[in-house]
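K.L.:
Below you'll find the structure I mean.
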Amino acid sequence: MVNSFQEENDIKMAPGDTTKVAGYSFKFNGVKAVVHKSVITYGEEESDVMMLAEEYKRQYGRQPGLYEQKISAALKDSLNRAIEQQLMLHDFETAGYNLPESVIEEIVQAEIKPYGDRAKLTQTLQARGITYEKWRQQVRERFLVRQLRLKNVYSETIISPYKIETYYNAHKDQYKIEEQVKLRMIMLNKGAEAEADTARELAKEIIGKLKAGAAFSEMATIYSQGAQRNQGGDWGWADRTVLRKELAEVAFGLKPGELSDVIETPQALFIMLVEDKRTGHNKPIAEVRDEIEEALLKQERERLQEKYFAKLKKKTFVRQFEF
C-alpha cells in the first residue's frame, strides 16, 4: 500500500537541502510524514522549531547534549501536531460535515482587520514567503481544527463534584499548610566588631522602648535595616522554611503577642514580635475546588484527545519517514 501510494504521487523520499540555525541543521525538503493523501514536509515540521532554536541555544548552549534533546523533542512535538491536524481535517472531509464559505469569509475578514486591509496583509505575507490563498487556507484549517477539538474533546469533558472530592481526599498532602507565625522583625547589621558593639547597644535600647510600650511597627520603621522596614517590619505569615534556623526556633517558641530577646547571628541582630500563630492544617476543599477541577479537566481532556486521535489513526493511513 505504501509503495503504490508513493508511486502514484511521486513522493521524493530523499532528504533535501539543509540550513543551520543556532548550530542545528534543519532540512528544507523531503517528506516527513503522509496522512491519507496529505504530505507533511520537513519544512512544515521544522519551521516553528527554527524560531525556537536561538532561544534554546541561549539557554542550553553550554550543554550540547541537552540542547540536542530539546530540539529533538520540539521537532517531535511539531510533527505530532502536524499529523493530528491532518487527521482532524481528513475526519472533517470524510464525516460529511459542511462549513459554508460565508463563515470562513467572516473569519478571514476578522483576521485581516489588525493589518488594516487586504493589501497590507498581502505585503506582510509576501515578506514571509506566503501567498494570500495559502494564508486563507491556513485560517480555514485552524478554525476547523478548533471546532473539531471542541466537539470531540472539550464538549465531552465534565468533572463531577464526586470526582473533585475523591481527588481531594486522595491528595490531601498537596494542600497541607505548615504551622505559621504572623511576624514582625527588626534587623540591625553588625558590620565590623566596633560597629557590632554599637548595634548591640542599640538593640538593647530598642528592647527597652518596646517593653515600655513603644509600637513595634514604629520602632521597625525608625531602626530596622531589613527589607521590610517601610512596612513596619511586617513579614506577614511565615513558615519555618522562610526563616533561618535560629530565628525559626525562637519565633515558633513564642506565643501570640510575645516579644523576643535580642537574637544574634554572625551577620546581624534581630528582634521579633509574633502577632499571631496558626497550626498546620489542610486547605479546605472549598478553597481548592477550582484548582482541582482545572487539574482534572486537563487530565480528562488529554485522555479524550488521545482516544480521539487513536480512533482517527485506526481509520486513516499514516506513515512517518526517517532518514
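The values are calculated or read from the model by the stated rules, or taken from the named source; none is laboratory data. Source: prediction; values computed, not measured. All Cβ positions, even for glycine, are placed from backbone atoms using ideal geometry, and neighbour counts span all protein chains on display. The area values use the complete protein model at the heavy-atom level, side chains included, leaving out ligands, DNA and RNA. Shrake-Rupley method; radii C 1.70, N 1.55, O 1.52, S 1.80 Å.
K.L.:
Can you give the accessible area of M187 in Å² (nearest 10), computed on protein heavy atoms with a 1.4 Å probe?
P.N.:
Approximately 40 Å² for this residue.
K.L.:
Stick to Cα atoms and the Kirkwood definition of Rh, then tell me Rg/Rh for the chain. If you can, show how the numbers build up before the last one.
P.N.:
Details: Rg = 31.8 Å, Rh = 26.6 Å.
So for the chain, dividing Rg by the Kirkwood Rh gives 1.19.
K.L.:
Can I get the semi-axes of region 226-323's equivalent ellipsoid? Compute them from the C-alpha gyration tensor as square roots of 5 times the eigenvalues, in angstrom, largest first.
P.N.:
Over the Cα atoms of region 226-323, the ellipsoid semi-axes are 55, 19, 11 Å.
K.L.:
Any idea how far the Cα center of region 109-174 sits from the one of region 225-291, in Å?
P.N.:
Rounded to whole Å, the Cα centres lie 46 Å apart.
K.L.:
Here is a further query. I want the local charge near R278. Using Cβ-Cβ distances under 15 Å, sum +1 for each Lys or Arg and -1 for each Asp or Glu among the other residues.
P.N.:
Around R278, the charge tally is 0.
K.L.:
Anything over 19 Å Cα to Cα? Flag those among K151/K311; K37/K315; K172/K277, in the order listed.
P.N.:
From K151/K311; K37/K315; K172/K277, over 19 Å: K172/K277.
K.L.:
Further question on the same structure: Mind checking region 223-323 for trypsin sites (Lys or Arg not before Pro) that DSSP puts in a loop (not H, G, I, E or B) and that have at most 15 other Cβ atoms within 10 Å?
P.N.:
Within region 223-323, the qualifying trypsin sites (Lys or Arg not before Pro) (loop, at most 15 other Cβ atoms within 10 Å) are R244, K315.
K.L.:
A further question on this structure: What's the angle, to the nearest 10 degrees (0 to 90), between helix 42-60's Cα axis and the longest principal axis of the chain?
P.N.:
20 degrees
K.L.:
Where does each of Y154, Y132, Y115 land when they are ordered by accessible area, with a 1.4 Å probe and the largest first? Let's see the in-between values first.
P.N.:
Numbers: Y154 100, Y132 25, Y115 75 Å².
These residues rank, largest area first, as Y154, Y115, Y132.
K.L.:
Still on this model: How much length would be gained if the chain were fully extended between K283 and Q147, taking 0.36 nm per residue of separation minus their Cα-Cα distance, in nm to one decimal?
P.N.:
45.2 nm
K.L.:
Follow-up. What ranking of T122, T279 comes out by heavy-atom accessible area, probe 1.4 Å, highest first?
P.N.:
T279, T122
K.L.:
Using the Cα gyration tensor of region 53-173, with a ≥ b ≥ c the square roots of its eigenvalues, what is the shape: rounded (a/c below 1.5), prolate (a/b larger than b/c) or oblate (neither)?
P.N.:
Oblate, since a/c reaches 1.5 and b/c is not below a/b.
K.L.:
Take S224, S155 and sort them by solvent-accessible surface of the protein heavy atoms, 1.4 Å probe, largest at the top.
P.N.:
Putting S224, S155 in descending order of accessible area: S155, S224.
K.L.:
Rounding to the nearest 10 and keeping the result within 0 to 90°, find how far the Cα-based axis of helix 132-152 lies from the longest principal axis of the chain.
P.N.:
Relative to the chain, helix 132-152 is tipped by roughly 70 degrees.
K.L.:
Placing +1 on the Cβ of each Lys and Arg and -1 on the Cβ of each Asp and Glu in the chain, which of S224, Q320, G191 has its Cα farthest towards the positive end of the resulting dipole?
P.N.:
Q320
K.L.:
Still on this model: Nothing charged except the Cβ atoms of Lys and Arg (+1) and of Asp and Glu (-1): what's the magnitude of the dipole of region 137-262 about its Cα centre? Round to the nearest 20 debye.
P.N.:
880 debye
K.L.:
Given Cβ point charges of +1 (Lys, Arg) and -1 (Asp, Glu) and nothing else, what value in debye, to the nearest 20, does the dipole of the chain about its Cα centre take? Please report the intermediate quantities before stating the final value.
P.N.:
Values: 50 positive and 51 negative charges, 120 e Å.
Using Cβ point charges on Lys, Arg, Asp and Glu, the chain gives about 580 debye.
K.L.:
Report, to the nearest 10°, how far helix 193-211 tilts away from the longest principal axis of the Cα atoms in the chain, using its own Cα long axis and a range of 0 to 90°.
P.N.:
Computed tilt is about 80 degrees.
K.L.:
While we're looking at this one, here's another question. Select from region 131-210 those GluC sites (Glu not before Pro) which occupy a DSSP coil region and have at most 13 other Cβ atoms within 10 Å, ordered by residue number.
P.N.:
When the GluC sites (Glu not before Pro) of region 131-210 are filtered for loop state and at most 13 Cβ neighbours within 10 Å, E178, E179 remain.
K.L.:
Something else now. Leaving out ligands, DNA and RNA, what percent of the accessible area of the chain is carbon and sulfur, probe 1.4 Å?
P.N.:
Answer for the chain: carbon and sulfur cover 48 percent of the accessible area.
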